[in-house]
Amino acid sequence: MSFGYQDQSYVTLPQGLEPNEASPEWNSKADNAWQLTATTMVCLQSVPGLVILYGSMVKKKWAVNSAFMAFYAFAAVLVCWVLWGHHMAFGNKLAPLVGRPNSALSQAFLLGKSRVGLVPVADYVFYQFAFAAITVILLAGSLLGRMNIYAWMLFVPLWLTFSYTIGAFSIWGGGFLDRHIIDYAGGYVIHLSSGVAGFTAAYWVGPRHSHDRQHFPPNNIIHMLGGAGFLWLGWTGFNGGSPFAVGLVASLAIVNTHLCTATSLLVWVSFDMIVYKKSSVIGAVQGMITGLVCITPGAGLVEPWAAMLMGALSGSLTWYTMMVLHRRYAFFQSVDDTLAVFHTHAVAGLLGGILSGLLAKPALLSLIYPDTTYGTGLIYSLTNGRKKDGFRQMLCQIEGAAFITVWNAAVTSLICILISRIVDLRMQEDDLEIGDDAVHGEEAYALWGDGERMPKPRHLHPRLPSLCRR
């Protein structure tokens, strides 16, 4: 195929770039290739990333159960997403908070042009699934070490349907907050929601066994670092894939992501060394996570110096809420948030959203959000004569955070109450003492003969929910 210019010269595309039946003219092969790569990287954050991280960051007796909760959620969310979830989050408006439920399975739909970018709809559906899946899995970090696996199996589709899709539609999918909130890749939709919902669910499920809550060492720190590595490097696709194009914003977002994360990690470790006289590896992982979360809502919208500032604030302020405020206030002590998801995701996500409203650069906002009502970062509005727009943007960021917080706390509570009427939310005390072997009949580190019970054979069938036993 040739393209002509005013001087009558023609440029012939290489055969591999020419449009054909398998690649229509609207399909950018470069963008499509990057989007599929970015989506795969986000999926790897969950499986195996968080599967490994959860399985190694908990006490040995909970390694299998913790890893399986993430593994199950990844599969369950995909099925729910294509059957009804995607259209509830990104489909035709049913109400100001949600889209009309519908399946995303037909060839005509999946192979059409996406409304975002020059890629097929299939790319958009699967990329947004990866976001939905990791949100639910992050939430699970608050519930490890005691939640009834049958309750978790019910919780995942219910929470995805009535909580996650609402937040995604309201902010990203055309809802009442769309075109008002700066949330580049999910500081509110993913992290604030998972942190608030996880903390709320932890309240309803109840605490771990008293011995576990007092002594809960990771069973394999090296594997924990491996899982954290998947999470960190996978964030290249998380933030780099959000523009759905191989362009300037994607490149900047990737650089900012790693700058913020590295800064946050170093600040967190520095505080550990100053206060506790030792550099904690677990603390380094927590600092890494808070940096990743904080930069997410503004990754492609702030300059690198601002990304480093966000990393310094996420590594210090979140450290303070987790290591000081959490131990000082009974409110935090009363809820057993196993992996401190409230601090690493809710606090860091809220901080990132507020800082994005403060530091977002107008020129970058116009690249990713053309023809919208987005204003300008407050700090830039003080010098460009748009103070009113800057303060309005900050107000929108606060309103969005309030909505996500209230909705997730309320809906998660209702879901937990509903499930508690069907099965127990928390395992029985006897099972809590044993751990994986009681729940799954399996152990994480079973050597030859390890855990073998003679003469009574190991049970082959899992315990049924209380509803079924009736």
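The values are calculated or read from the model by the stated rules, or taken from the named source; none is laboratory data. Since this is a predicted model, take the numbers as computed values, not measurements. All Cβ positions, glycine included, derive from the backbone under ideal geometry; neighbour counts span all protein chains shown. What goes into the accessible areas is simple: the full protein's heavy atoms, side chains included, and nothing from ligands, DNA or RNA. Shrake-Rupley method; radii C 1.70, N 1.55, O 1.52, S 1.80 Å.
Using each residue's phi in region 166-174, evaluate 6.51 cos²θ - 1.76 cosθ + 1.60 at θ = phi - 60° and report the 3J(HN,Hα) Karplus result to the nearest Hz, with x for Gly and Pro.
Values per residue, Gly and Pro as x: 5, x, 5, 5, 4, 9, 10, x, x Hz.
Based on DSSP H assignment, which helices of the chain show an axial Cα extent of at least 18 Å together with a mean Kyte-Doolittle hydropathy greater than or equal to 1.6?
What comes out of the filter, once short or polar helices are dropped, is 63-80, 121-140, 281-295.
Could you tell me which label, among [x] 146; [y] 179; [z] 236, carries the value of volume of the Cα convex hull per residue in Å³ calculated for this structure?
The listed entry that was calculated here is [y].
Under the Karplus relation 6.51 cos²θ - 1.76 cosθ + 1.60, θ = phi - 60°, what is the ordered set of whole-Hz ³J(HN,Hα) values for region 324-334, x standing for Gly and Pro?
Whole-Hz 3J(HN,Hα) from phi for region 324-334: 10, 4, 4, 7, 8, 10, 5, 4, 6, 5, 6.
In the chain, once you exclude exposed GluC sites (Glu not before Pro) (DSSP loop, at most 11 other Cβ within 10 angstrom), what's the longest stretch remaining?
Longest gap between qualifying sites, sites excluded: 26-451.
So what is the calculated 222 nm ellipticity per residue for the chain, using -39500 (n - 2.57) for each DSSP H run with n of 4 or more, over all residues, to the nearest 500 deg cm²/dmol?
Rounded to the nearest 500, it is -17500 deg cm²/dmol.
Give me the distance in nm between label points sitting 7 Å out from Cα along the Cα-to-Cβ direction at Asp178 and Leu233, one decimal.
Here the answer is 3.6 nm between the modelled labels.
Just to check I understand the Karplus step: with θ = phi - 60° and J = 6.51 cos²θ - 1.76 cosθ + 1.60, what whole-Hz values come out for region 82-93, glycine and proline as x?
In residue order, the calculated couplings are 7, 7, 8, x, 4, 6, 5, 8, 9, x, 5, 5 Hz.
Using a probe of 1.4 angstrom, how much of the accessible area of the chain is carbon and sulfur, in percent?
Answer for the chain is 66 percent, counting heavy atoms of protein chains only.
For region 286-322 and region 335-392, what is the separation of their Cα centres, given in Å?
So the two Cα centres are separated by 12 Å.
So what's the gap between the Cα centers of region 101-161 and region 220-274, to the nearest angstrom?
22 Å
Pairs of alpha-carbon atoms within less than 8 angstrom and 6+ residues apart define the contacts here; what relative contact order does the chain have, in percent?
With pairs under 8 Å counted, the relative contact order is 20 percent.
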